[in-house]
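Scroll down for the structure; my scribbles are underneath it.
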Amino acid sequence: MQIFKEIRPLKAFLQQAKKSPVAIGFVPTMGALHQGHLALVEASKKENTITVCSIFVNPTQFNNPDDLARYPSTLSNDVELLKKVGCEVVFCPAAAEMYVHANHIKFDFGSLDKILEGEFRPGHFSGVALVVSKLLNIVTPQRAYFGQKDFQQAALVKKLVADLNFDTEIILVPIVREADGLAMSSRNVRLTTEHRKNAVAFYHGLHKAKALLLAGTDFDKVQAEVKRFCESHAGIQLEYLALADSTNLSLTKNVTEQSILLIAGYAGEVRLIDNLMLTDEN
Ligand code: PAF
């Protein structure tokens, strides 16, 4: 496995590799890797000759400096995990390598970056779009892999790639869950034992919402019931439960075949998100 900390030698390596007919798959991460990330690498390995995984805790996407400071960093463990799954290239730059000058570029995706996560984390998606643009320009992959857990992020990246004519196909990989149903997240390691146990309320809340909606319950009532249910677990606080059209993420109160439920909230001090397509089994 090749490890690069700097952009120039990574680009030189990839340019050399591209002299033969190769397909490059890209998995952008912020490290603290878990099975969810490894599923992205595995998906990439199936479809490409070379998989590049980036590990970079991107400061421009954190609207809360405490959240950035507390973001877990486990680089040597991450590198070992990537070796085990046969990832060919790791790119783990320092912040100064990625952001040489103070950066003032801002992205505006209309309503797509103002709703849901955008409402609770102002500026977050502009930072994501900035770093994803930079990474796609550095790696120039044929395909890039994103987890369905960050559904809004994936929708926004698809729009970014289409609007800015990147030659990269964006591939969404299903959520990987713990045995009890909690969506895997790098943030889960920060949960206390009690909050870890209760955090599964978000997943059960999604299933409760799905069952109620399919039984014809009005969405306002579903929201109130899921809030009551989640917050009956100690330390759990619901930020939103939303129903949207998964094709364009427009918010709605009506169920269709394309509907997706999205949930976000706190388990203690840790903010978690999850989602469920109404057609999903689990
Ligand atoms: O999903 C993430 O881990 C990050 O938002 C990403 C896509 C790596 C950009 O920093």
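The values are calculated or read from the model by the stated rules, or taken from the named source; none is laboratory data. On a predicted model such as this, the values are computed, not experimentally measured, just so you know. With ideal geometry, Cβ positions are generated from the backbone for all residues, glycine too; neighbour counts draw on all protein chains shown. Just so you know, the surface numbers come from the protein's heavy atoms only, side chains and all, with ligands and any DNA or RNA stripped out. Shrake-Rupley method; radii C 1.70, N 1.55, O 1.52, S 1.80 Å.
Within region 184-213, the residues that satisfy the criterion of being out of contact with any strand residue (DSSP E or B) (no Cβ under 8 Å at 6 or more places or on another chain) and at pLDDT below 95 are Ser186, Val189.
Identify, please: which residue in region 30-78 is at negative phi and of a type in the set (Gly, Ala, Ser) and is, among those, nearest to the ligand (Cβ to nearest atom)? If you could, list the steps in order and put the result at the bottom.
Here is the first cut: in region 30-78, the ones at negative phi are 30, 33-78.
Now narrow it down to the ones that are of a type in the set (Gly, Ala, Ser): 36, 39, 43-44, 54, 69, 73, 76.
Numbers: Gly36: 10, Ala39: 13, Ala43: 15, Ser44: 14, Ser54: 7, Ala69: 16, Ser73: 13, Ser76: 19 Å.
Among them, the one singled out is Ser54.
Of all the listed residues (Ile138, Ile175), the sole one being within 16 Å of the chain's Cα centre (by Cα) and either without any contact (Cβ under 8 Å) to a residue 40 or more places away in the chain or open to solvent by 10 Å² or more (accessible area, probe 1.4 Å) (or both) is Ile175.
Assessment of region 113-123 against the conditions (near the ligand (Cβ under 9 Å from one of its atoms), modelled with pLDDT of 95 or more and touching a helix residue (DSSP H, G or I) at 6+ places or on another chain (Cβ under 8 Å)) yields no matching residue. Checked against (1) within 19 Å of the chain's Cα centre (by Cα); (2) modelled with pLDDT of 95 or more; (3) hydroxyl-bearing (Ser, Thr, Tyr), Ser76 passes all but a single condition, namely (1).
Could you please give the count of residues in region 116-165 that are in contact with a strand residue (DSSP E or B) (Cβ under 9 Å, 6 or more places away or on another chain), hydrophobic (A, V, I, L, M, F, W, C) and not in a helix (DSSP H, G or I)? Result for region 116-165: 3.
Of all the listed residues (Thr60, Thr49, Thr74), the sole one being within 25 Å of Ala12 (Cα to Cα), open to solvent by 20 Å² or more (accessible area, probe 1.4 Å), polar (S, T, N, Q) and touching a residue at least 24 places away in the same chain (Cβ under 8 Å) is Thr49. Summed over region 94-113, residues that are free of Cβ contacts under 8 Å to residues at least 12 places away in the same chain, assigned to a loop (DSSP other than H, G, I, E, B) and open to solvent by less than 100 Å² (accessible area, probe 1.4 Å) total 1.
Within region 1-19, the set of residues being of a type in the set (S, T, N, Q) and in contact with a helix residue (DSSP H, G or I) (Cβ under 9 Å, 6 or more places away or on another chain) comprises just one member, Gln2.
May I ask you to verify whether Ala179 is part of a loop (DSSP other than H, G, I, E, B) and out of contact with any strand residue (DSSP E or B) (no Cβ under 7 Å at 6 or more places or on another chain)? Can you show your working first?
Details: part of a loop (DSSP other than H, G, I, E, B): yes; out of contact with any strand residue (DSSP E or B) (no Cβ under 7 Å at 6 or more places or on another chain): yes.
When the stated conditions are applied, Ala179 passes them.
Would you check if Asp220 is assigned to a helix (DSSP H, G or I), more than 20 Å from the chain's Cα centre (by Cα) and surrounded by fewer than 16 Cβ atoms within 10 Å (Cβ to Cβ)?
Numbers: assigned to a helix (DSSP H, G or I): yes; more than 20 Å from the chain's Cα centre (by Cα): yes; surrounded by fewer than 16 Cβ atoms within 10 Å (Cβ to Cβ): yes.
Spelling it out, Asp220 is indeed assigned to a helix (DSSP H, G or I), more than 20 Å from the chain's Cα centre (by Cα) and surrounded by fewer than 16 Cβ atoms within 10 Å (Cβ to Cβ).
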